[in-house]
1. Obtain the nm distance between the two label points defined at residue 186 and residue 77 by a simple spin-label model: each point lies 7 Å from its Cα along the Cα-to-C-beta direction.
2. Please state the charge dipole magnitude for region 280-421, taken about the Cα centre, from unit charges on C-beta atoms (+1 on K and R, -1 on D and E), reported in debye and rounded to the nearest 20.
3. Rg and Dmax of region 409-464 over Cα atoms: what are they, in angstrom?
4. Can you tell me which of 333-344, 397-408 comes out highest on packing, and rank the rest after it, using the mean Cβ neighbours within 10 Å?
5. Which entries of 215/436; 406/448; 231/448 show an alpha-carbon separation above 32 angstrom in the structure shown?
6. Taking θ as phi - 60°, what are the ³J(HN,Hα) couplings along region 37-47 by the Karplus curve (6.51, -1.76, 1.60), each to the nearest whole Hz, with x for Gly and Pro?
7. Report the full-extension gain for the segment residue 294 to residue 437: residue separation times 0.36 nm, less the Cα-Cα distance, to one decimal in nm.
8. Give me the net charge of residue 410's neighbourhood, meaning all other residues with Cβ under 11 Å from the Cβ of residue 410; Lys, Arg count +1, Asp, Glu -1.
Amino acid sequence: MFSRVRSAFMNVVGGIEPVVGMKDVDGPSDERDRHRHLPHKFPYTRPHFLQLHTEEEIAVTADHHIRPIIVPRDINVMPWSAGYAEAVNAGKSMLNEDQACIHRGLLTRQDRNSSDSHKAPSLPYVYFGIFDGHAGSGAAVAAANQLHHIIHEKLVDIIDHLIPPVVQMEKSSRSGLSFFFPGKEVSKESLITGALESAFWDMDQLIGEDKLKYKVNGGCTALAALFIDGKLYVANAGDSRAVLVRHSRSQPMSYDFTPESERQRVRRLAALQPELLGNEYTHLDYCQRPVQKDIGKRILYRDWYMTGWGYKTVTPSDLKLPVVHGEGKRSRVLATIGVTRGFGDHELKALYSNIPIKPFLLCQPEVKVLHVDDEEEWSEEDVLIMGTDGLWDVTSNERVAEIITKSFKQFPQDENRNKYRYTSAAQDLVMSSRGKLTERNWRTSEGKSATIDDISVFVIPIVDYKRDHSAWLEQNKALREQISANMNSINSNVVVERAVHNGHPQDEEEEVSLESVMNGDDEIDTSAPLRLELQ
């Protein structure tokens, strides 16, 4: 009886069956004991920008009876006074398994002859990440601590495209300097998208490797927003969601990846690699799941290559459980997990079996791009909403836009307090989905069932980023003009006489490599003329 109640509870919440958490590491008892005693790579805590420093403060955030709405202590630590609010679940797990991260980064092209980074071309960026953990907080904590570092490394790899050198120098092959010119034009947008996709892959691989040395429980969804080069990149893997609210209307910036939305992809994989099903599941989908008495009857079904329905005669093999079972929020892969993309879950097994689930899960994000700099008009009320599914299970995109608009209108028009409007809006969103405790049930203001899941929400103003980017464009233009002028001045004074020991007349002059002169090389390759291309 208790097992049925527990399963029904988890079907409402979504995510993963609680029994799986105990089977996260399969194998002999000594192997499970070893994993249980492994150290944590990162200790459990709440997002760093909340500035909760003691265990007592963290414990207060995990009160399942009150479910307090937590906001940053100091709004000044938030880029552009962005809003953030969170609330713990109603008892689904002991801790809040959501995690979040903010990071301000700077990509700098450092000239080898200059130690002053303030005089080198650079490109700032701002990163927001939100992670919804399941079957433990380990993967979400790992992603919150490491993903932004991996993204930075990927951006450094393409720095020559993001921050082109002010002066392009060409030298002969024997001079030891070479440049790569792609066969076809590749946009910055495509390169940054590739950097995010590659970073997500590396993050998932790192979690898999860390499981051998550290205790990293469960998995997590991942939603990242990167403001860089006048654009907003939103990368999503899972059922967390980003929505742009502009002119009081909602515009999706991501789409949920669930067993329901990826039913065809999962069934196709199962059909092409039936060994992954362990002879316990089928890749077919049925309008109504057949039972023993249906054998020999005709039933509506569809194969992985079908979007419509057809008829087939039921055989004993049709009595297997579909690889994707259930509808909507209750859909599950291998009757176990309710998400199909994210990080972790490397050792997750199907419920009551030894079948690995990881082959059906992807860490690949969908990346959407918003050209912030191309749009002329952005208002103070145009914001990006990022939230875990605890928000979206109860509150629709359209309802979120209504709440945001109402929150901004009701907020006092006081210049000193105006910076708190986004935090206030984030609180209103969390309150909308969390509701209030009424007769032992959490209810929304409309009297409907509220979410009992963890809730985490960012409210990020767009116009402030555009202002910052416009200011950076002016500064960068002035800096590059100054560097170009300095380089031209150096070039005009570089004159070297032919070396006597080469047998050339001393009164003849020839251009040489600017880089060789600047580096102070003892031997100068006079066969290579200096070519300058001003950007």
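1. Spacing of the two 7 Å Cα→Cβ label points: 3.8 nm.
2. Working: 20 positive and 23 negative charges, 277 e Å.
Rounded to the nearest 20 debye, it is 1320 debye.
3. Rg and Dmax of region 409-464, Cα atoms, are 14.1, 43 Å.
4. Working: 333-344: 26.4, 397-408: 18.3.
So the order, starting with the most tightly packed, is 333-344, 397-408.
5. Details: 215/436 35 Å; 406/448 20 Å; 231/448 38 Å.
Violating the 32 Å Cα-Cα cut-off are 215/436; 231/448.
6. Along region 37-47, the couplings run 9, 5, x, 7, 6, 10, x, 5, 7, 9, x Hz.
7. Numbers: separation 143, 0.36 × 143 = 51.48 nm, distance 4.56 nm.
Between residue 294 and residue 437, full extension yields 46.9 nm more.
8. Working: positive: 406, 409, 421; negative: 428.
Once positives and negatives cancel, what remains is +2.
Every read-out reported here was derived from the displayed coordinates using simple, explicitly stated rules and does not represent laboratory data. Model, not experiment: these values are computed from the prediction. Every residue, glycine as well, gets a Cβ built from its backbone with ideal geometry; the counts of neighbours run over all protein chains shown.
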